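Worksheet: one structure, shown below.
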Amino acid sequence: MLHRRRFLQLGSLGLGAFSFAGFKAAGPTRKPIVISTWDTGIAANAAAWEVLRNGGRALDAVEKGVMVTESSLNCCVGLGANPDRDGYVTLDSCIMDEHANCGSVAFLERIKHPVSVARRVMEKTPHVMLVGSGAQQFAVAEGFPLESPALSPDAQKAYQQWLQKSEYKPVINIENSKNQTAFAPARLDNGDWNHDTIGMVAMDANGNLSGSCTTSGMGFKMRGRLGDSPIIGAGLFVDNEIGAATATGQGEDVIRICGSHLVVELMRQGLSPENACKKAVERIIKIKGSQKAKEIQVGFIAINKKGEYGGFCIQKGFSFAVCYADNKNFMVNGKYIL
Ligand code: SD4
């Protein structure tokens with residue numbers, strides 16, 4: 001195992017991606033801390049860190065953090081992302097705090113910040129989920145502007161390319177963490193995004209946990225299709241006594257095992273964040289069989305109350321961003337099984 005001091009030195013030098021996907025905080029609790037999925041997590045963590053370093057609440061951090069990713073028109077998440085197969089961008093998001101309050105929106109169109117609408121659902125309604133036109137109506141009533149339905153230029157190009165074959169098949173989410181220091185758009189050479197989601201979990205200076213997850217869902221999906229990301233327990237789960245987890249990759253397979261809830265429950269049984277994520281990935285592989293599991297990607301990340309973090313995925317190519325101090329915002333390559 002990498003010696004702790006050496007690890008910190010490497011982190012502070014910004015020497016990016018490790019194949020070391022877990023960290024055991026020696027001694028006292030490491031807090032605040034924020035982690036999030038994929039390269040885009042670096043920029044999102046930086047925004048979350050601003051909240052955390054000033055003593056802010058984890059809930060505010062995880063909202064502000066993923067809003068950065070939602071805002072970018074040159075990104076895989078938010079209104080700039082790939083549309084469904086009928087040409088509409090539909091967005092899903094959820095958020096959860098330290099009191100098990102949670103809110104979620106799904107199949108939401110033309111709203112820039114679904115995570116903030118999810119938070120309003122949590123704070124201003126007696127419900128957990130709002131979907132489709134109802135979610136949009138609520139967002140507008142809450143003062144969120146209705147944005148243009150036009151696709152971003154990149155998404156328009158990708159959609160035109162996709163229409164040529166109109167092949168309905170999931171794209172395996174893979175990223176190689178080429179850029180660990182700045183915002184890294186993640187479009188593949190063939191025009192596809194290689195992922196569509198950011199999940200973030202954080203612990204603030206008071207030791208309280210929160211999480212958020214936001215996505216445009218699988219590119220060129222069937223109209224109305226939802227994945228795991230807006231579903232509490234699947235794409236995100238927080239238990240303030242134990243830890244928090246979030247997921248990315250093929251949502252159907254995360255839903256089948258209530259993935260993020262499973263990871264938190266495994267941590268409750270004493271597993272480290274990394275081992276809990278690993279067990280959840282193993283369960284997906286067991287259900288699907290390794291042959292079929294090779295055709296998809298799923299990655300989990302988690303933190304516990306001690307500030308330990310970890311992640312695991314089905315196959316090579318999943319990375320996550322970790323931030324726990326000024327100038328310590330770095331990528332970790334997720335360990336993988338297949
Ligand atoms: C979904 N889990 O809609 C999302 C997709 C994703 O990186 O994570 N892509 O199934």
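The values are calculated or read from the model by the stated rules, or taken from the named source; none is laboratory data. Not measured: the values here are computed from a predicted model. No Cβ is skipped: glycine too gets one built from the backbone with ideal geometry, and neighbour counts run over all protein chains shown. Just so you know, the surface numbers come from the protein's heavy atoms only, side chains and all, with ligands and any DNA or RNA stripped out. Shrake-Rupley method; radii C 1.70, N 1.55, O 1.52, S 1.80 Å.
Things worth noting here:
- Residue count for region 256-289, restricted to those that are of a type outside the set (D, E, K, R) and open to solvent by 60 Å² or more (accessible area, probe 1.4 Å): 6
- Boolean, T197 is touching a Ser or Thr at 6+ places or on another chain (Cβ under 8 Å), within 12 Å of the ligand (Cβ to nearest atom) and modelled with pLDDT of 95 or more: no
- Restricting attention to region 25-41, the residues that are within 16 Å of the ligand (Cβ to nearest atom) and either acidic (D, E) or not in a loop (DSSP other than H, G, I, E, B) (or both) add up to 5.
- Every pair of residues 6+ apart whose Cβ atoms lie under 8 Å, when the first sits in region 287-305 and is farther than 23 Å from P32 by Cα while the second is open to solvent by 50 Å² or more (accessible area, probe 1.4 Å) and aliphatic (A, V, I, L, M): S290/L338; A293/L338; K294/L338; E295/I172; I296/I172; Q297/I172; Q297/I174
Residue by residue, here is whether (1) buried (at least 23 other Cβ atoms within 10 Å of the Cβ); (2) in contact with a helix residue (DSSP H, G or I) (Cβ under 6 Å, 6 or more places away or on another chain); (3) not basic (K, R) holds:
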{"site": "V105", "(1), (2), (3)": "yes, yes, yes"}
{"site": "I111", "(1), (2), (3)": "yes, yes, yes"}
{"site": "P114", "(1), (2), (3)": "yes, no, yes"}
{"site": "E123", "(1), (2), (3)": "no, no, yes"}
{"site": "L130", "(1), (2), (3)": "yes, yes, yes"}
{"site": "Q137", "(1), (2), (3)": "no, no, yes"}
{"site": "V140", "(1), (2), (3)": "no, no, yes"}
{"site": "P145", "(1), (2), (3)": "no, no, yes"}
{"site": "D154", "(1), (2), (3)": "no, no, yes"}
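- Per-region count, region 233-246, residues more than 10 Å from the ligand (Cβ to nearest atom) and crowded, with 24+ Cβ neighbours inside 10 Å: 6
- Residue selected from region 313-325 under the condition in a strand (DSSP E or B) and open to solvent by 10 Å² or more (accessible area, probe 1.4 Å), by the criterion nearest to D196 (Cα to Cα): Y324
- Among the residues of region 58-96, those that are polar (S, T, N, Q) and either away from the ligand (no atom under 13 Å from the Cβ) or surrounded by fewer than 21 Cβ atoms within 10 Å (Cβ to Cβ) (or both) comprise S71, S72, N74.
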